Every structure is written in C-alpha cells, then in structure tokens.
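Read through the structure below, which is laid out as structure tokens, and then see the notes.
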Amino acid sequence: VPDAARNVGSVYGSDEWTVSRYVSLSYGATYAHYDYLEGPAFFSPNLAVTLSPTPTLRVRASAQRLLSAPGAQEFLPPTRAEYLPPQRTFSAVSKHDGFRTQELQQYALGIEQVLRGATVGARVFREHIDNQMVTVFGLRQPDAAASALGHYRVGSAGDADLTGVGFT
C-alpha cells in the first residue's frame, strides 16, 4: 500500500440485556482503526441503565465516550444513494498541529412518565469535548486550480463543555 493511501476500518457491537422487569442494561462499543493518525486505534464504549419501578415510569442513566478521527466521514458510504460519491481529499488546517482526535464524553440522566398514552420526559446532560473538530471547505490557495476546491481541511477548534436540560 503506498504511503499516500489511507486505510480505515471499524467494527461495533451492542446489546440490551433485561436483568428483570424493573432493570435493563444497554451496552456497546466501537473499535476503529485509522492508519493516517499517530494513535490509529479508537475504542468508544457506551453504557445505559434503565430502571422501571412502575409500568408507566422510567429512569435512565447513560454514559458514553466517542472518539472521532479527522476526515472519518469521508470513508462512510452515503445512506440514501445508489452510488458512491467521487473521492474527496482532506488535509490538516494547520501543518504545525496536524490531525487531532476529537473525544466526546457524555453523561445523561432522564425520567419519563406515561400519562394517558403520551410520554412526558425530562433529562439533564453533561458533555465535554476535547479538540472539537472543524471542517473548512472551499479554502483555495491563490495559485491552485479551481478543481482543488474538492479538497477540504480539518482541524481542532478547541475544547467545549456543555450542560443542558431537555424536555419531551
């Protein structure tokens, strides 16, 4: 395989286990490999526990860690197309920083109540993102051909901390 080639692969698995009629456990993980990164192996686990003390009340707690490689979306086939799009290429925004892996850590706690056939719920969540990814399209050097617009750049926009509440 030539040095300019990019080789990637991933495998994932998940399951839901009903411990009892009151407790269920969901878990899974993804393992991915990107040979164009210094640390090419990515392991992203997730876990959720649902407690159902009554038939109409559910409490759910979840945690996940998700590692994302810069440019990884380029290797995914389209979900609604009968063909694969033309190959696009990408490189780092900064030659100094190179490619940085985005890491998301997410925790959530929610409660749902069924009222007359409708489900009402609330949840709180906390997310921390290291090296939040940014993608820049259409950045062209003055001496580059117009065909170079298909090339895009990826980089890190820094870290982010989020805390929020959601209602359904």
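The values are calculated or read from the model by the stated rules, or taken from the named source; none is laboratory data. Just so it is clear, the structure is predicted and the values come from calculations on it, not from any experiment. Glycine gets a Cβ as well: all are built from the backbone with ideal geometry, and neighbour counts include every protein chain shown. For accessibility, only protein heavy atoms count, side chains too; no ligands or nucleic acids. Shrake-Rupley method; radii C 1.70, N 1.55, O 1.52, S 1.80 Å.
Which members of segment 101-111 meet the condition of being closer than 13 Å to Leu67 by Cβ and modelled with pLDDT of 90 or more?
Across segment 101-111, the qualifying residues are Glu103, Leu104, Gln105, Gln106.
Would you point out the residue of segment 7-29, among those that are part of a strand (DSSP E or B) and of a type in the set (Phe, Trp, Tyr), that is most open to solvent (accessible area, probe 1.4 Å)?
Among them, the one singled out is Tyr12.
Could you tell me which residue of segment 135-168 is modelled with the highest pLDDT, considering only residues that are among the aliphatic types (A, V, I, L, M), surrounded by 10 or more Cβ atoms within 10 Å (Cβ to Cβ) and in a loop (DSSP other than H, G, I, E, B)?
Ala157
Please pick out the residue among Ala32, Ala63 that is part of a strand (DSSP E or B), at pLDDT 95 or above and out of contact with any helix residue (DSSP H, G or I) (no Cβ under 6 Å at 6 or more places or on another chain).
Exactly one residue qualifies, and that residue is Ala63.
Looking at Leu47, Leu76, Leu51, which one is modelled with pLDDT of 80 or more and closer than 29 Å to Ser156 by Cα?
It is Leu47.
Of (1) farther than 18 Å from Ile129 by Cα; (2) open to solvent by 50 Å² or more (accessible area, probe 1.4 Å); (3) modelled with pLDDT of 80 or more, Val114 satisfies all except one. Which?
(2)
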